[in-house]
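As structure tokens, the structure follows; a few thoughts come after it.
The values are calculated or read from the model by the stated rules, or taken from the named source; none is laboratory data. For clarity, every value in this text was computed on a predicted model and none was experimentally measured. Cβ sites come from the backbone with ideal geometry, for glycine too, and all protein chains shown count toward neighbours.
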Number of protein chains: 2
Amino acid sequence: MLSKILKPKSIAVIGASTKPKTIGSELMQRLRDYKFKGNIYPVNPKGGMIEGFQAYTTIEEVPGEVDLAVIVVNAKFVLDTIDQCHKKGIKGLCIITAGFKETGKEGAEVERQLLAKVKEYGMRCVGPNCLGVLNTHPEVSMDATFAESLPVRGDIGFVSQSGALGGGILNILKDLNVGFSQFVSIGNQADVNAETALEYWENDDDVKQILLYMESIQNPSNFRKLATRISKKKPIVALKAGRSAAGASAASSHTGSLAGADKAANALLGQSGVIREYSLKNLFATAKVFSNCPIPKGDRVAIITNSGGPGIMATDAICEYGLQIAKIKDETKEKLRSFLPSAASVKNPIDMIASAPIEHYKQTLETVIADDNVDMVMVIYLPFLGLKDIDVARAVMEIKAKNPSKPVIGVFMTKSEFFSQLSDMDVNTPFFMYAEEAAEGLHRLNQQRIWQNRPEGKVPNFSVDRAKAESIIKQSILENRAQLTTRESIDVLDAYGIRVCKSGFATNIDEVVELGNSIGYPVVMKMTSKTTSHKTDVGGVRVNIQSEAQLRNEYNDLIEKLTEKGLIEGLEGVIIQEMVKGNREMVCGIATDPQYGPMMMFGLGGVFIEVMKDVTFRIAPLSDIDALEMIKSVKAYKLLEGARGTKPAQIEQIQETLLRLSQLVSDYPFIDELDINPLLISESTGEGIAVDGRIKVRLEEALDKLNCSCACCNGCCH
Amino acid sequence: MLSKILKPKSIAVIGASTKPKTIGSELMQRLRDYKFKGNIYPVNPKGGMIEGFQAYTTIEEVPGEVDLAVIVVNAKFVLDTIDQCHKKGIKGLCIITAGFKETGKEGAEVERQLLAKVKEYGMRCVGPNCLGVLNTHPEVSMDATFAESLPVRGDIGFVSQSGALGGGILNILKDLNVGFSQFVSIGNQADVNAETALEYWENDDDVKQILLYMESIQNPSNFRKLATRISKKKPIVALKAGRSAAGASAASSHTGSLAGADKAANALLGQSGVIREYSLKNLFATAKVFSNCPIPKGDRVAIITNSGGPGIMATDAICEYGLQIAKIKDETKEKLRSFLPSAASVKNPIDMIASAPIEHYKQTLETVIADDNVDMVMVIYLPFLGLKDIDVARAVMEIKAKNPSKPVIGVFMTKSEFFSQLSDMDVNTPFFMYAEEAAEGLHRLNQQRIWQNRPEGKVPNFSVDRAKAESIIKQSILENRAQLTTRESIDVLDAYGIRVCKSGFATNIDEVVELGNSIGYPVVMKMTSKTTSHKTDVGGVRVNIQSEAQLRNEYNDLIEKLTEKGLIEGLEGVIIQEMVKGNREMVCGIATDPQYGPMMMFGLGGVFIEVMKDVTFRIAPLSDIDALEMIKSVKAYKLLEGARGTKPAQIEQIQETLLRLSQLVSDYPFIDELDINPLLISESTGEGIAVDGRIKVRLEEALDKLNCSCACCNGCCH
């Protein structure tokens, strides 16, 4: 798939140059300096020698077979170059040249043509407008980029959407001694994108974790499918830029891509098991941790320190990430006491005191790692007279090497020289300057542990009355109404087996009374109208009707008021509803993100919805696990659990409500908005009951989907 | 005050040593190497020469006058040494020796004696158990520490509570090229503490900002007074460790100090204008920014970049801190267009594109700084072929030097060598590796701007019926009840002019009916009892009583029920209350932190109080500004403003309620708990009305304060 690009046996650099400080020259130098294992063929109309390699005036002239063509010629020559590559039988392209989609309409058109050629010729193409590709595997040894530094060998597969940023990143990674296996700068991602790389790396053992820098996600549902599967095998860590509205607008003018709404992106990444970072700094720190630590068995952390202050700060940071401060076993404490001075504290954080010699670091670490109550260890060192930081680090790494099954992270609050020294060494432990950084790393390890242990989850398929739902929606569409009436909305929910409150529809006083008597008092009466959507504003909702007599009065009064206001025309009738008692109002529904598709929402409803914003989002369709996580992730979950003596809500029934909604929106993807507000928690049964509902569709799309022209159509032909 | 210690003309090092890697030797080397401007007198029983200085066998033998004695002798000799120092007429001590309060009871007793001597002799003393003191002013040039590195000269005054951590910090600061003016390691802070240093530095022009590392605040109210005043003149930035319960417990076993509850600490720092950081990394980053930037005039940020990706990330980070993305003026855009290439974007973030030469950096920065719509500038550089990072930095600094009035921060995503190079240069601009770090810096500058512009605020003194309140409280105390009854609580609030709902107390059916009729229906009836505090549990609250007849029924029913349950004994009577309509329930009250004293709370009440935790805290007494900030800082403020068509609440009246509560607790500091829950917002008037109240006092303290033995006592003698 991508092997012609990422593991080529021969590379042609089309646009190679002898002119210093040009991309065509820098790229040739990198290929040469990093000692690419295959053949290198510079192509330049002038021929001659370039960086010690024989240059050819055209690609056709190249004597051997070419796997990968790296293209750095001017944008206007790129289409012809692709044709020439095709003639030469090349299947892998990496187009570094800029001047396409990112420059506007014309460029986008050329990029469209470029992609058409790539598809037609059966090629794969990285770029255009990118930094290049890298593979550090000794059998490949390819640096086909124009970054400043040569890469460090490691286990990361890295995809970067921004070219220039990619270069910056390579520099920094070199500095941090974070090494990678393969790197793809996808640029405008005309063909190859993050998903292509994910899929390619899924079974590549040389890539043990995947890092992504993204400004947009091209195909969210495909990304979700791949990421959900692959993140169970190896960590995927992503920095998704363009979170703020302003940032997203900056993103849309950049690399020609549209940044998706951040809420949707956040939901998508979370439910796909992708660890989301919010800064490059944290992205790299996490990569460093995954490169050097196994996934822990639990979340209990032991802290070993030679100074109290950093021990406190470490404890603060660890607790803030929700990790546990490990309870050191008594026998471990005893062992520690046997060699540590009396002023030392053997309770976690274990403070060996400032004068702790290297031997104490070794013994303490070894003793603590052996404790079954400890899943991860943070080792802190502050400079003390006579001790060399690098020697302490060596001691830590020595013990770590003997005990590879538990994560150990070092916090060395020392000079930056120490970190430079490390970057020239073979390390097996991540070291940071500050406890907070190390705590974040432990948190990420734990997050990956939780994700890997998370059950897969199923998207259930409920048996529902699809025909009924469909005929209701069709009716609305035929009448050209994007917004279904309350009655229609509730009936659609009912058809999908969602617990709506008992109700019926009446158009005259006799029907009204009959319904009231059959449902049982107290009841609620709500008008339904094709012209008035905000019922309360016109007195269209009457609650707590206690008897037949009161029901008659209220109905007559409503008719009178609507007549006075000239609104009687639109009145379809009234809904008579059981009156559900409960003061816990939740909300659930569906919003559609233009890029990510239908997105489910759940949270605290009522007047608090806007103020508290205690809601959570997931991309549909939901698995059972997704639905349960949604419910448990809002603060109001405590209310559902039965805070302050209220009846616990039926969590499973609410979960099912969300899953049925998810099925509904999957069946009718043209549903644009759907709100159940409130989903009232019944005080007597704990059920979540849809008391009010609103459904809105995208008319054109719905017409297209539901109203085919054949005579037989009753949901049969789609 | 501290000048004998921080600006000494002569120093005796008692315990100076020739033995390598001892504190007594290291300290002598630092003093020598940093070229202390005064006389250095090592004291060691063996005499001889130490690090090139003549040593004396006792302090009395020293020929000249001694301002500061740095003491590093064994703990058991320290008390005698202080006596000897006194004989020599020394007024400044810095006791580095450990082995006092931090080791337990015995050590604490010795430390008590130590302090007694210091007081008796009119000395000031830094330590014990500390790292030492520093002053980089060229006329002093004192490094009396045993840290690894010699200090960098700068403008920071720095207080560190942890000794070892202080050493780590000095190393790192050296590395970051963050320089300071003076440094005090307070250790066990027996005498000199953070407050002493704050006060000393208030008018010292060599100290332009104050940095604190604290594990505890010794005298919160004094700290508040000083910090509030001094932070208006120079930034105070603090790292307060021991946030988590576990961290606080680690802190209390360290440096012998008790960590205060973090909520109180957070409130105290916030209302005193202290910028709180949560990691050393951020503490130093902020210091670097304050050292190199003026306080801006506003919060509008321009971003200049040569790469889109970091521009997006910068925008995200800036927005997340609540800063504004500056709107670049049209004339500025035109100017930029006149020299930038057409592919560049002149809209903020200003993307000069990857190939931007140094000249573009200069011109763009100069043009953008001149724009009146811009208050601060972030300049981003990503490596590009042919450009040297340090040259770009020089260009930025050149323009910065010409335009000193607006903050400029650089983001250079380049090799760490760049930062090492900077640390050997004279810089006028803070440079960071990542946009997020720079954004935090801009945020801190803006925070300081807002604080400096914040009005001082007044603690008003309302005229209240103190005699009434006092007699109610006294009655409860005399009956040995820590918890006042509801009636008493409400009456105390009423006496302090807090709007409580109209009510009266009745003990029989006739009084009940009379009250109901005079208040007007609907009313609420609540029992008051000396034995039952949770009224609702026993059916003691009856709401929405519509008529005299209903009132009679409810009262009779209550008496019956209580008799059945055997609770009639404790019944004092019932409160008949106006029924206030409103569905916005707030809460306000007072909790007492053992270390920080009375702390005010305000926020969303009702069932949401525990679930949403939408409450805020401030240490009492409150200024009018504090009270208003409390109200505006909770999410529920939107409800008060009148979200979703409700009547806006009377913010000033609620503010006054908080201020009157603050006065109440200042008048009676033995009030341990006070809750107004709910403070119901009246739907008709928007007033906040105390519908229910609970007051609890600390009995012994209250007895002590209120019940003096003199016969005349009616609030006259305290």
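Per-residue answers, yes or no, for (1) under 30 Å from residue B:510 (Cβ atoms); (2) of a type in the set (Phe, Trp, Tyr); (3) more than 12 Å from chain A (Cβ to nearest Cβ):
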| residue | (1), (2), (3) |
| --- | --- |
| B:573 | yes, no, yes |
| B:580 | yes, no, yes |
| B:604 | no, no, no |
| B:609 | no, no, no |
| B:624 | no, no, yes |
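Filtering the range A:526-552 to residues that are free of Cβ contacts under 8 Å to residues at least 24 places away in the same chain, more than 22 Å from residue A:502 (Cβ to Cβ) and in a helix (DSSP H, G or I) leaves only A:537. Looking at the range A:345-359, which of its residues are surrounded by fewer than 23 Cβ atoms within 10 Å (Cβ to Cβ) and out of contact with any helix residue (DSSP H, G or I) (no Cβ under 7 Å at 6 or more places or on another chain)? The answer is A:345, A:347, A:353, A:355, A:357, A:359.
For the range A:139-152, filtered to residues that are touching a strand residue (DSSP E or B) at 6+ places or on another chain (Cβ under 8 Å) and more than 26 Å from residue B:388 (Cβ to Cβ), the residue that is farthest from the other protein chains (Cβ to nearest Cβ) is A:141.
Residue-by-condition table, conditions (1) closer than 30 Å to residue B:619 by Cα; (2) outside the structural domain of residue B:568 (by TED's automatic domain parsing); (3) not small (Gly, Ala, Ser):
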| residue | (1), (2), (3) |
| --- | --- |
| B:407 | no, yes, yes |
| B:421 | no, yes, yes |
| B:429 | no, yes, yes |
| B:438 | no, yes, no |
| B:470 | yes, no, yes |
| B:509 | no, no, yes |
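Residues in the range B:198-223 that are in contact with a Phe, Trp or Tyr (Cβ under 9 Å, 6 or more places away or on another chain) and part of a helix (DSSP H, G or I): B:198, B:220, B:221. Restricted to the range A:174-208, and to residues there that are of a type in the set (Asp, Glu) and touching a helix residue (DSSP H, G or I) at 6+ places or on another chain (Cβ under 7 Å), the residue that is nearest to residue A:98 (Cα to Cα) is A:191.
Number of residues in the range B:411-432 that are part of a loop (DSSP other than H, G, I, E, B), within 10 Å of another protein chain (Cβ to nearest Cβ) and among the polar types (S, T, N, Q) equals 1.
One line per residue, one yes/no per condition, for (1) modelled with pLDDT of 90 or more; (2) crowded, with 16+ Cβ neighbours inside 10 Å; (3) not assigned by TED's automatic domain parsing to the domain that holds residue A:528:
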| position | (1), (2), (3) |
| --- | --- |
| A:652 | yes, no, yes |
| A:661 | yes, yes, yes |
| A:664 | yes, yes, yes |
| A:670 | yes, yes, yes |
| A:675 | yes, yes, yes |
| A:688 | yes, yes, yes |
| A:691 | no, yes, yes |
| A:695 | yes, yes, yes |
| A:718 | no, no, yes |
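Identify, by number, the condition in (1) within 14 Å of chain B (Cβ to nearest Cβ); (2) in contact (Cβ under 8 Å) with a residue 12 or more places away in the chain; (3) at positive phi that residue A:457 doesn't meet. Only one criterion is unmet by residue A:457, namely (1). Of the conditions (1) in contact (Cβ under 8 Å) with a residue 60 or more places away in the chain; (2) exposed (fewer than 15 other Cβ atoms within 10 Å of the Cβ); (3) of a type in the set (D, E, K, R); (4) more than 17 Å from residue B:678 (Cα to Cα), residue B:581 satisfies every one except a single condition; which number is it? Result: residue B:581 fails condition (4) only. If the condition is being in contact with a strand residue (DSSP E or B) (Cβ under 9 Å, 6 or more places away or on another chain), over 25 Å from residue A:443 (Cα atoms) and within 11 Å of chain B (Cβ to nearest Cβ), then the range A:310-343 contributes only A:343.
Among the conditions (1) at pLDDT 95 or above; (2) within 23 Å of the chain's Cα centre (by Cα); (3) surrounded by 20 or more Cβ atoms within 10 Å (Cβ to Cβ), the only one that residue B:228 does not satisfy is (3). Within the range B:267-299, if we keep just the residues that are within 12 Å of chain A (Cβ to nearest Cβ) and of a type in the set (D, E, K, R), the residue that is farthest from the chain's Cα centre (by Cα) turns out to be B:281.
Residue by residue, here is whether (1) more than 21 Å from residue A:242 (Cα to Cα); (2) polar (S, T, N, Q); (3) at pLDDT 95 or above holds:
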| position | (1), (2), (3) |
| --- | --- |
| B:325 | no, no, yes |
| B:328 | no, no, yes |
| B:331 | yes, no, yes |
| B:342 | yes, yes, no |
| B:350 | no, no, yes |
| B:353 | no, no, no |
| B:370 | yes, no, yes |
| B:382 | no, no, no |
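Output the residues belonging to the range A:1-44 that are within 14 Å of chain B (Cβ to nearest Cβ), in a helix (DSSP H, G or I) and without any contact (Cβ under 8 Å) to a residue 24 or more places away in the chain. Within the range A:1-44, just A:29 meets the criteria. If you go through the range B:181-195 and pick out every residue that is hydroxyl-bearing (Ser, Thr, Tyr) and either part of a loop (DSSP other than H, G, I, E, B) or within 17 Å of residue B:68 (Cα to Cα) (or both), you end up with 1. Could you list, in sequence order, all residues of the range A:584-599 that are within 15 Å of the chain's Cα centre (by Cα) and surrounded by 20 or more Cβ atoms within 10 Å (Cβ to Cβ)? A:596, A:599, listed by residue number. Name every residue in the range A:628-687 that is more than 22 Å from residue A:591 (Cα to Cα), hydrophobic (A, V, I, L, M, F, W, C) and not in a helix (DSSP H, G or I), in order of residue number. Those that are more than 22 Å from residue A:591 (Cα to Cα), hydrophobic (A, V, I, L, M, F, W, C) and not in a helix (DSSP H, G or I): A:649, A:681. Among the residues of this structure, residue A:194 does not count as one that is more than 11 Å from chain B (Cβ to nearest Cβ), in contact with a strand residue (DSSP E or B) (Cβ under 6 Å, 6 or more places away or on another chain), closer than 24 Å to residue A:423 by Cβ and among the hydrophobic types (A, V, I, L, M, F, W, C).
Here's the yes/no breakdown for (1) modelled with pLDDT of 95 or more; (2) away from every other protein chain (no Cβ under 14 Å):
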site: A:434; (1), (2): no, no
site: A:442; (1), (2): yes, yes
site: A:462; (1), (2): yes, yes
site: A:466; (1), (2): yes, yes
site: A:479; (1), (2): no, yes
site: A:483; (1), (2): no, yes
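Looking only at residues of the range B:485-509 that are modelled with pLDDT under 90 and part of a helix (DSSP H, G or I), we find that the one that is surrounded by the fewest Cβ atoms within 10 Å (Cβ to Cβ) is B:487.
In summary, strands (runs of 3 or more DSSP E) completely within the range B:87-157 and bearing 2 or more residues that are more than 28 Å from the chain's Cα centre (by Cα), buried (at least 17 other Cβ atoms within 10 Å of the Cβ) and in contact (Cβ under 8 Å) with a residue 12 or more places away in the chain occur at B:92-95, B:142-145. Among the residues of the range A:158-180, those that are among the small types (Gly, Ala, Ser), within 11 Å of chain B (Cβ to nearest Cβ) and either part of a loop (DSSP other than H, G, I, E, B) or more than 22 Å from the chain's Cα centre (by Cα) (or both) comprise A:162, A:164, A:167, A:168.
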